[in-house]
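One structure below.
The values are calculated or read from the model by the stated rules, or taken from the named source; none is laboratory data. Since we're looking at a predicted model, the values are computed, not measured. Cβ coordinates were reconstructed from backbone atoms using ideal geometry, including for glycine residues, and neighbour counts include every protein chain displayed.
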Amino acid sequence: MVKVHRELLATAGGGSAAMLDTPFGFQANADDLTDKIGEYFRDSVGVDIAVATWRRRDEPVAVLERTLALLGRASWVFAGPGSPSYALRQWADTPMPAALAEIVRRGGSLVMGSAAAVTVGSASLPVYEIYKVGDEARWLPGLDLLGTLTGISAAVIPHYDNREGGRHDTRYCYMGEQRLLELEEMLPADVGILGVDEHTAVVIDVESGAVDIMGAGGLTLRYRDRQTVIPAGGSTGLDHVAAALRGESAVPGGATPAPPRESIATPATASTGLRADAEARREAFRAALVAGDAERALEETLGLEQDIHSWSADTLQSDDIDVARAILRAMLVDLATAARTGLRDEREVIGPFVDLLLEARQRARDTKDFGSSDALRDGLIALGIEVRDTPDGVTWERSTP
């Protein structure tokens, strides 16, 4: 999926890239998984991703707000392997679903794979509980991000063509055909199954309604005994997908190669009213922080608080106030961070000292004094400086607090 990730990142805009650690947050090796995912994107895809930590919904409020602020700045966000039911318990009835939807609405890319993909439908499959624990076949209420953003009602099943069970049927995300038929009977009449093969991406451009299939496998649109398969390289539209998921029609042009487009990420939707005011103040706030103008940054924060107060007197039939409040919370988080680290770029402050220590480490390596070299490296790591030896030389980054 390297090519797919690179294309989505290239078209996602100028914001940051982040990885949400919730789906595997319960695992004892969660830190190792975070590191491995980060290494994959850094070494294979060529991008450093920030970690958006939300392992439990009862984390300290400051931790959760920092994560929401990070997602509010990101133009590309990934969530992947783990447990769908665990992720749902941590995300449901919190600001997280709205934050994820907002990434797409403002023109970013939301990449949900494996366990995280299961959560985006109106019904979600408790995979571990059924396959590993032996629970009876059932569905959980999903986040319905797919419905929120596209109007499509579906249960999303990744790993649709899984064959690792050999003679044991592990298709349909380890459910097998018999269980899948049983599960289908439990779905509401207007909900179909959207099946995504392994090593496959279904890229939905919400603004244009285009749906492209990329990667090694295909997309299966299934409604009880009817199904349509669109192979990799094929494309269709959201209206046809919705019709197929309701069992009303097959998807035309399933084998038609996807037409080239300048962008497969979702274009931003025009903002009006309070949302537009909040977004304008956020941009002015960020510019003030970059310029080191704390007073102006504070003025924008207080101004947004006053805007929200004024608009709350009206009856809004939209989520503008919720979006504005989320932006305000993110601005407060950034102010708190600035109070701790200062408004200057941290690399400007600590860079000369780090470079001096790296020069001393290189001299120790040149004289084969590896004990001193390792001690300097370990000391930098203890201070939160990640040192990387690359073919082009030594680089360093400040570890995420």
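Criterion applied to Pro60, Pro81, Pro97 was being under 21 Å from Val196 (Cα atoms) and either modelled with pLDDT of 90 or more or not assigned by TED's automatic domain parsing to the domain that holds Pro391 (or both), and the one residue passing it is Pro81. So which residues in region 40-65 are surrounded by 22 or more Cβ atoms within 10 Å (Cβ to Cβ) and not aliphatic (A, V, I, L, M), if there are any at all? Across region 40-65, the qualifying residue is only Trp54.
Just one of (1) more than 19 Å from Ala87 (Cβ to Cβ); (2) hydrophobic (A, V, I, L, M, F, W, C); (3) surrounded by 14 or more Cβ atoms within 10 Å (Cβ to Cβ) fails for Leu146. It is (1). Screening Ile49 with (1) farther than 25 Å from His159 by Cα; (2) modelled with pLDDT under 95 gives one miss only, at (1).
Taking the numbered list (1) part of a loop (DSSP other than H, G, I, E, B); (2) more than 24 Å from the chain's Cα centre (by Cα) in turn, Arg222 passes all entries but (1). Do we have any residue at all in region 383-390 that's outside the structural domain of Ala50 (by TED's automatic domain parsing), of a type in the set (A, V, I, L, M, F, W, C), in a loop (DSSP other than H, G, I, E, B) and under 30 Å from the mean Cα position of the chain (by Cα)? So far as region 383-390 goes, yes, one or more of its residues are outside the structural domain of Ala50 (by TED's automatic domain parsing), of a type in the set (A, V, I, L, M, F, W, C), in a loop (DSSP other than H, G, I, E, B) and under 30 Å from the mean Cα position of the chain (by Cα). The single condition from (1) under 18 Å from Leu245 (Cβ atoms); (2) touching a helix residue (DSSP H, G or I) at 6+ places or on another chain (Cβ under 9 Å); (3) crowded, with 16+ Cβ neighbours inside 10 Å that Ile213 fails is (2).
Answer with yes or no whether Gly25 is buried (at least 18 other Cβ atoms within 10 Å of the Cβ) and among the small types (Gly, Ala, Ser). Spelling it out, Gly25 is indeed buried (at least 18 other Cβ atoms within 10 Å of the Cβ) and among the small types (Gly, Ala, Ser). Every listed requirement among (1) without any contact (Cβ under 8 Å) to a residue 40 or more places away in the chain; (2) not in a helix (DSSP H, G or I) is met by Val51 save one, (1).
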